[in-house]
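The values are calculated or read from the model by the stated rules, or taken from the named source; none is laboratory data. Here the structure is a predicted model, which is why all the values come from computation and not from measurement. Note: ideal-geometry Cβ built from the backbone for every residue, glycine included; neighbour counts use all protein chains shown.
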Amino acid sequence: MDYLRKLELVPLWHRSAMTLEEATAYSGIGRDKLIELSSQPDCDFVIWCGSKRLFKRRKLEEYVAKAYSF
């Protein structure tokens, strides 16, 4: 079983880091908004691997809960 196939078997809610597309699907936040938020210098829920951004799932959940709670 190759690496990509194994990655597909792991549900998003069990991953520690997600791609932009996965974070969009998981959080319900639009792609452009995630790009805008993660481009901020004080963003603590993104990991940069060169020019690729990976989103820390738990930190993103915390941000959404804090930013969008009433």
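Structural remarks
- Check on ILE47, β-branched (Val, Ile, Thr) and not in a helix (DSSP H, G or I): yes
- Filter result for SER51 (among the hydroxyl-bearing types (Ser, Thr, Tyr) and either in contact with a helix residue (DSSP H, G or I) (Cβ under 8 Å, 6 or more places away or on another chain) or modelled with pLDDT under 90 (or both)): no
- Within the range 14-30, residues that are of a type in the set (Val, Ile, Thr) have Cβ atoms under 7 Å from residues that are surrounded by fewer than 16 Cβ atoms within 10 Å (Cβ to Cβ) and in a helix (DSSP H, G or I) in these pairs: THR24/ARG31, counting only partners at least 6 apart in sequence or on another chain.
- Of everything in the range 50-70 that is outside any helix (DSSP H, G or I) and basic (Lys, Arg), the residue that is surrounded by the most Cβ atoms within 10 Å (Cβ to Cβ) is ARG53.
- When the range 20-37 is filtered for residues that are assigned to a helix (DSSP H, G or I), more than 17 Å from ALA65 (Cβ to Cβ) and of a type outside the set (A, V, I, L, M), the ones remaining, listed by number, are GLU21, GLU22, THR24, ARG31, ASP32, GLU36.
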